[in-house]
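Accompanying notes for the structure given below.
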Amino acid sequence: MREKSKEAFELACRVLPGGVNSPVRAFGGVDSGPVFVHGAKGARIYDIDGHEYLDYVGSWGPMIVGHAHPAVIDAIHQAVDRGTSFGAPTLAETSLAQRIVASFDSIEKVRLLSSGTEAVMSAIRLARAFTGREMIVKMAGCYHGHSDSLLVAAGSGLAERGTASSPGVPESLAQQTVVVPYNDPEAVTAAFANHAGRIAAVLVEPLAANMGVVPPADGYLETLRTLCDRNDSLLIFDEVISGFRVALGGAQQRYGIQSDLTCLGKIIGGGLPLAAFGGRADIMDLLAPEGQVYQAGTLSGNPLATAAANATLDILAQGDSYEKLESVASSLESGLAQAASDARVSVTINRVGSILSCFFCDHPVRNFADVQATDIARFKRFFAAMLERGIYLAPSAYEAMFVSLAHTDSDIEQTINAAGESFRQLA
Ligand SMILES: *Cc1c(COP(=O)(O)O)cnc(C)c1O
């Protein structure tokens, strides 16, 4: 039924590895070919075969105000007429930095760059420089981009040194990363005990959203904060998804725990390539040219990206944006739960604000092992049934659904009806 997408994918595969520029787009996780996109507006996305879909991917997070929002497009239009890149400072960079600093209590200074990968990679370099240590603790199932230090899988024993999870990553570097289960304070305690005086930072998604949505257990973030303080290590929150998503001040505002450094991306670019990391001024001032830690970027703080970013953050800061997101996403959650239960399909739905995941299982989902124990084959069938009904979900059981300000009550109703039929097909 998607003939043009099929042909386009075949053509793309001849010149792009796997036909795409980022692996999950290839739809390998759902055993089909990708949908080639022609354009998008509001909550809807249009493919090159002329089909319309209600979009719950939102470009994997950035499109929280909806696609092609008039205010964002207008800001980009105004910026583009003045030129696309200068390699020199602009006023828009300072005003974006001011918006970020005003939104996050833990951020005194911030650096802008172009991708989340770059943000986390740079935050780690800074943490290593600040502490004079080399090791990093991260959590299984959290994603922090594709830099070498973070493409690492757990070692053989609990809280042991990690091993490379991708060919091409030097084992010597992977060994500087310790991978422990999410929501497991004892494992982090063990990591500090095993590697005393060597851990530069604990890196975590304070609200995990790259294994589906998995909220932090009560007290988990507090424990991480305490352990870092006790061991003179830095706490780095990777809020590339959760920042500006679950509150203006991100997960750290929602859960009331402050990090030393915070990584931002996705939403802050307003759909253009822009990311940031920031935190305590005494740490951030180690960055060149103020300090000695090198970090740079030709397109960092790009004028089109900062224009889209400022416009997007202004929309979010207005009135009741987050209440609206909460209420629409909450009706989606309860509608999905009801539809699944009516069809006698077991699901566990995790939701925080406007991101949610519907896991096919009958157990709670608190970490990556729990996610891996869900029924992935069932998810694939659900995904296909939903796509056929014009609902575009992330093509992977390990991803979240993203609700935007453009999703209306009737969009939610349409989604729940489609889900009802799709669940019944599975039962
Ligand atoms: C998407 C993501 C990244 C990587 O960002 P890119 O812009 O894709 O490089 C890092 N951390 C988290 C939590 C993410 O969700």
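Here's a check for you: in the range 101-124, which residue that is assigned to a helix (DSSP H, G or I), aliphatic (A, V, I, L, M) and away from the ligand (no atom under 16 Å from the Cβ) is nearest to Met284 (Cα to Cα)?
The selected residue is Val101.
Given the condition more than 27 Å from Ala191 (Cβ to Cβ), outside the structural domain of Phe379 (by TED's automatic domain parsing) and at pLDDT 95 or above, answer yes or no: does some residue in the range 215-231 qualify?
The answer is no, given that none of the residues of the range 215-231 is more than 27 Å from Ala191 (Cβ to Cβ), outside the structural domain of Phe379 (by TED's automatic domain parsing) and at pLDDT 95 or above.
If Ser242 passes every condition in (1) open to solvent by 10 Å² or more (accessible area, probe 1.4 Å); (2) assigned to a loop (DSSP other than H, G, I, E, B) but one, which one does it miss?
Exception for Ser242: condition (1).
Residues are listed down the side, and each one gets a yes or a no for (1) surrounded by 18 or more Cβ atoms within 10 Å (Cβ to Cβ); (2) touching a strand residue (DSSP E or B) at 6+ places or on another chain (Cβ under 8 Å); (3) in the same structural domain as Arg245 (by TED's automatic domain parsing); (4) assigned to a loop (DSSP other than H, G, I, E, B):
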{"site": "Tyr46", "(1), (2), (3), (4)": "no, yes, no, no"}
{"site": "Leu54", "(1), (2), (3), (4)": "yes, yes, no, no"}
{"site": "Ile64", "(1), (2), (3), (4)": "yes, yes, no, yes"}
{"site": "Ala75", "(1), (2), (3), (4)": "yes, no, yes, no"}
{"site": "Gln78", "(1), (2), (3), (4)": "no, no, yes, no"}
{"site": "Ser85", "(1), (2), (3), (4)": "no, no, yes, yes"}
{"site": "Pro89", "(1), (2), (3), (4)": "no, no, yes, yes"}
{"site": "Ala92", "(1), (2), (3), (4)": "yes, no, yes, no"}
{"site": "Ser95", "(1), (2), (3), (4)": "no, no, yes, no"}
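Which of the residues that make up the range 141-199 are among the aromatic types (Phe, Trp, Tyr) and away from the ligand (no atom under 16 Å from the Cβ)?
Result: Phe192, single match.
Restricting to the range 322-367, what's the tally of residues that are open to solvent by less than 60 Å² (accessible area, probe 1.4 Å), part of a helix (DSSP H, G or I) and farther than 20 Å from His69 by Cβ?
Residues in the range 322-367 being open to solvent by less than 60 Å² (accessible area, probe 1.4 Å), part of a helix (DSSP H, G or I) and farther than 20 Å from His69 by Cβ: 9 in total.
Among the residues that make up the range 254-262, is at least one of them more than 16 Å from the ligand (Cβ to nearest atom), open to solvent by 20 Å² or more (accessible area, probe 1.4 Å) and in a loop (DSSP other than H, G, I, E, B)?
Yes.
Inside the range 213-239, can you point out the residues that are surrounded by 24 or more Cβ atoms within 10 Å (Cβ to Cβ), assigned to a loop (DSSP other than H, G, I, E, B) and more than 12 Å from the ligand (Cβ to nearest atom)?
Ser233
Which one is farthest from the chain's Cα centre (by Cα) among residues in the range 1-16 that are surrounded by fewer than 14 Cβ atoms within 10 Å (Cβ to Cβ) and under 25 Å from Ser115 (Cα atoms)?
Val15
Could you grab me the full set of residues in the range 17-44 that are part of a strand (DSSP E or B) and either open to solvent by 30 Å² or more (accessible area, probe 1.4 Å) or at pLDDT below 95 (or both)?
Hits for the range 17-44 are Val37, His38, Ala40, Lys41, Arg44.
If we scan the range 281-295, do we find a residue that is within 16 Å of the ligand (Cβ to nearest atom) and open to solvent by 10 Å² or more (accessible area, probe 1.4 Å)?
yes
Is it fair to say Gly319 is among the small types (Gly, Ala, Ser), on the phi > 0 side of the Ramachandran plot and open to solvent by 10 Å² or more (accessible area, probe 1.4 Å)?
yes
The values are calculated or read from the model by the stated rules, or taken from the named source; none is laboratory data. Since the model is a prediction, treat every value here as computed from it, not as a measurement. Don't worry about glycine lacking a Cβ; one is built from the backbone with ideal geometry, like all the others, and counts go over all protein chains shown. Side chains included, ligands, DNA and RNA excluded: accessible areas come from the protein's heavy atoms. Shrake-Rupley method; radii C 1.70, N 1.55, O 1.52, S 1.80 Å.
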